[in-house]
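*Asks:* Dumping the structure here so I can ask a few things about it.
Every number here is computed from the coordinates shown, using simple stated rules; none is lab data. If you're wondering where the values come from, they're calculated on a predicted model, not measured in any experiment. Cβ coordinates were reconstructed from backbone atoms using ideal geometry, including for glycine residues, and neighbour counts include every protein chain displayed.
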Amino acid sequence: MMAGLILESYEEGARIALTDAMEVMTRAFDPVYGEAWTLPQLAGVMTMPGTWLTIARIDAAPTGFALIRSVLDECELLLLAVAPLWRGRGIGQTLLSDSLRMARRKGITSMNLEVRASNNAINLYEKTGFEYVHRRPGYYRGNDGQLHDALSFRIDMRI
């Protein structure tokens, strides 16, 4: 783990956690793709049972986050983001590894995710052991109206 990096997880929508996630989200997601969530969307998901949000911080400043929702023994990585100035330093990998560790502790046996087909994060997911499941043509609609395919990935955590 990167020196000075602290991960804090929240299972209820603590205002500071939501604010920090939104700060990272507005910097991390290119508005062209329309993938960033709004504060009400994030707050709404955080009220759902089995949901947790992990914030990565360096010197108290938010640098990234992961949002996971679980149902029974499966979970979905809903969002993973690292602020652009902090990319390439292992923060995304640390957040993903921590999310998998927490999921295993909760008795979860698989994690799913969907990602825009042109997103560089696919390399991180594949390196971590996620396997391609299928393509969803035109799943995402960008702010410019252009459609983008989504790729679904899954990791079996029983192995």
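*Asks:* Give the percent of DSSP beta bridges with both residues in the stretch 5-156 that are antiparallel, rounded to the nearest 5.
*Replies:* Values: 36 of 40 bridges.
Counting DSSP beta bridges with both partners in the stretch 5-156, the antiparallel share is about 90 percent.
*Asks:* Roughly how many Å is it from the Cα centre of the stretch 79-117 to that of the stretch 120-159, as a whole number?
*Replies:* Centre-to-centre distance over Cα atoms comes out at 13 Å.
*Asks:* Most exposed first by the Cβ proxy, i.e. fewest other Cβ within 10 Å, how do ILE6, ILE58 rank? Could you put the intermediate results ahead of the total?
*Replies:* Numbers: ILE6 13, ILE58 16.
Final ranking by Cβ density, sparse to dense: ILE6, ILE58.
*Asks:* Using helices alone, I'd like the mean residue ellipticity at 222 nm for the chain: each DSSP H run of four-plus residues gives -39500 (n - 2.57), total over residue count, nearest 500.
*Replies:* Numbers: 4 runs with 45 residues, N = 159.
Rounded to the nearest 500, it is -8500 deg cm²/dmol.
*Asks:* List the relative contact order of the stretch 1-133 as a percent without decimals, with contacts defined as Cα pairs under 8 Å and 6+ residues apart. Provide the component values of the computation, followed by the final result.
*Replies:* Numbers: 197 pairs, mean separation 30.3, N = 133.
Rounded, it is 23 percent for the stretch 1-133.
*Asks:* Another question about this same structure. Could you give each residue of the stretch 117-127 its phi-based ³J(HN,Hα) in whole Hz, using Karplus coefficients 6.51, -1.76, 1.60 with θ = phi - 60°, and x for Gly or Pro?
*Replies:* 4, 9, 7, 5, 5, 4, 4, 4, 4, 5, 4
*Asks:* Something else about it: What value does the stretch 103-159 have for Rg/Rh, both radii from Cα atoms and Rh as Kirkwood defines it? Each step should come with its number before you reach the end.
*Replies:* Numbers: Rg = 13.2 Å, Rh = 12.3 Å.
Using Cα coordinates only, the ratio equals 1.07.
*Asks:* Can you give the charge dipole size of the chain about its Cα centre, rounded to the nearest 20 debye, using +1 on the beta carbon of Lys and Arg and -1 on the beta carbon of Asp and Glu?
*Replies:* 240 debye
*Asks:* Next question, about the same structure. What's the ranking of 36-48, 92-104, 109-121 by average number of surrounding C-beta atoms within 10 Å, highest first?
*Replies:* Numbers: 36-48: 14.2, 92-104: 18.9, 109-121: 16.7.
Ranking the peptides 36-48, 92-104, 109-121 by packing returns 92-104, 109-121, 36-48.
*Asks:* Turning to a different aspect of this structure: For a quick check: with amide H placed at 1.01 Å from N, whose amide H comes under 5 Å from TYR139's, ignoring anything fewer than 5 positions away on the same chain?
*Replies:* When sequence neighbours closer than 5 places are left aside, the close amide H contacts are HIS148, ASP149, ALA150.
*Asks:* Right, next: Over the stretch 1-145, how many percent of alpha carbon pairs lie in each 10 Å bin up to the one with the longest distance?
*Replies:* P(r) for the stretch 1-145, in whole percents per bin: 11, 43, 39, 7, 0.
*Asks:* Rounded to whole Hz and in sequence order, give me ³J(HN,Hα) for the stretch 101-114 from the Karplus expression 6.51 cos²θ - 1.76 cosθ + 1.60, θ = phi - 60°, writing x for Gly and Pro.
*Replies:* My calculation for the stretch 101-114 gives 4, 5, 4, 4, 4, 8, x, 7, 10, 8, 10, 10, 7, 10 Hz in order.
*Asks:* Could you give each residue of the stretch 63-77 its phi-based ³J(HN,Hα) in whole Hz, using Karplus coefficients 6.51, -1.76, 1.60 with θ = phi - 60°, and x for Gly or Pro?
*Replies:* 10, x, 7, 9, 10, 10, 10, 10, 9, 6, 9, 10, 9, 10, 7
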